[in-house]
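The values are calculated or read from the model by the stated rules, or taken from the named source; none is laboratory data. What you see is a predicted model; the values in this text were computed from it and never measured. Cβ: placed from backbone, ideal geometry, glycine included. Neighbour counts: every protein chain shown. Heads up: the accessible areas ignore ligands, DNA and RNA and are worked out on the full protein's heavy atoms, side chains in. Shrake-Rupley method; radii C 1.70, N 1.55, O 1.52, S 1.80 Å.
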Amino acid sequence: MIFYSDRTDRLGARLNSLLNAKRIANAHDAEVKFAWENASGTVQAENLFAPTFLKAARIEALPENLTRLKTKVSLYAPGASDHVFQTPKPFTNVWVDRPFGVLKTESEDRFTVLQDLSDLLMNSLIREDVRRTIEKVRVGLPDNFVAVHLRRGDLKQYLKIDTHLGENFERFCPIDVADYALSKSVVPIIFTDQVKLIPDHLQKFLVQENVDPVHLRKYPKRLVDFIHMAALSEAKEIVSGKSAFANLAAVIAGKTPTHPLSYLGAERYFDAFHNANETYFEFSNTQIEAAHREALVACRRFPTLKSFKTDVRRITKKTYPHLVKPSFLNTSIWHMRRHIK
């Protein structure tokens with residue numbers, strides 16, 4: 001039996017798929033094989049993976065006629081999800097194509113699985129020099145900080161969105177999250193490649209401003225991004241919307257990312273949306289309505305957000321009373337499913 005992984009998107013999705021495939025393969029005393037296209041926007045395989053693992057597991061392309069691993073969702077959580085998989089038949093070659101979330105059996109504990117995934121990545125898959133560098137970078141970070149992730153391109157991509165903000169509606173407010181952390185005397189460390197969008201008063205909290213560049217000068221940029229992300233797994237909390245990259249940091253940390261709505265509370269959360277609207281974009285009323293709708297549905301679907309349901313309904317009802325009607329919300333659940341699976 002061989003388990004295969006092959007993603008062509010960015011680093012978080014690629015590694016999440018590979019880590020899940022490797023863990024399941026180990027549990028079945030089987031091999032894992034993976035294809036890794038060295039695209040310009042992600043880490044080159046040779047720079048990241050241990051040579052022994054790379055030699056044993058990397059292939060040029062997936063073979064044909066693989067059996068896709070069957071899964072079903074067992075937990076929805078903003079920024080993370082669990083998928084229970086069916087044990088494949090013996091002597092089957094299996095394709096593991098899950099860019100996001102944790103794959104586990106019905107009986108496995110998710111935090112035990114997270115620890116297994118973290119140990120695999122840090123102690124078996126990556127190069128020894130990269131692992132040592134991550135440890136050095138972690139030493140320089142402050143105690144009890146909160147990690148804030150501004151996903152690549154999120155702010156700019158809103159200019160192209162018409163009516164369906166979908167899963168992206170929670171990604172616009174990392175700046176507000178950082179400001180709120182400071183108001184609580186908590187140090188935020190911001191990870192982003194959109195440095196110019198970070199206000200002057202927050203520039204000193206960028207991860208690159210808190211890491212000794214001597215440790216990183218020999219590495220290419222995309223590998224430095226990975227090292228920064230792995231170091232941020234030491235955070236007290238990792239605040240992010242649905243991002244495979246932030247989810248990977250949480251996997252390394254053995255925890256679930258904190259949704260911005262959970263961190264900010266409903267009032268600050270929607271204030272952040274309207275502030276972003278005034279600062280960066282000119283949303284249509286339909287787009288703003290969509291963000292409220294998706295927040296309402298998220299509060300119904302995600303256990304960690306249900307405590308915010310009353311506040312989100314109250315705030316939304318002032319401007320969009322039709323959104324809180326049961327008939328409208330029931331229709332919106334289908335819409336939400338399309339974007340968060």
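Figures for the structure shown
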quantity: Looking only at region 172-193, and only at residues there that are in a helix (DSSP H, G or I) and open to solvent by 30 Å² or more (accessible area, probe 1.4 Å), the one that is modelled with the lowest pLDDT; calculated: 176
quantity: Residue in region 31-43 that is open to solvent by 40 Å² or more (accessible area, probe 1.4 Å), modelled with pLDDT under 90, in a loop (DSSP other than H, G, I, E, B) and within 18 Å of residue 244 (Cβ to Cβ) present; calculated: yes
quantity: Members of region 194-221 found to be closer than 18 Å to residue 179 by Cβ, modelled with pLDDT of 85 or more and of a type outside the set (A, V, I, L, M), listed by number; calculated: 200, 201, 203, 204, 205, 209, 210
quantity: Some residue of region 268-290 being on the phi < 0 side of the Ramachandran plot and at pLDDT 85 or above; calculated: yes
quantity: Count - residues of region 203-229 that are without any contact (Cβ under 8 Å) to a residue 24 or more places away in the chain, under 21 Å from residue 188 (Cβ atoms) and open to solvent by 60 Å² or more (accessible area, probe 1.4 Å); calculated: 4
quantity: Qualifying residue in region 76-83 (condition: at pLDDT 85 or above and among the aromatic types (Phe, Trp, Tyr)); calculated: no
quantity: Residue match in region 147-161 (condition: open to solvent by less than 10 Å² (accessible area, probe 1.4 Å), modelled with pLDDT of 75 or more, under 20 Å from the mean Cα position of the chain (by Cα) and small (Gly, Ala, Ser)); calculated: yes
quantity: Qualifying positions in region 44-55 - in contact with an Asp or Glu (Cβ under 8 Å, 6 or more places away or on another chain) and open to solvent by 20 Å² or more (accessible area, probe 1.4 Å); calculated: 54
quantity: Residue match in region 291-311 (condition: more than 26 Å from residue 233 (Cα to Cα), open to solvent by 80 Å² or more (accessible area, probe 1.4 Å) and at pLDDT below 80); calculated: yes
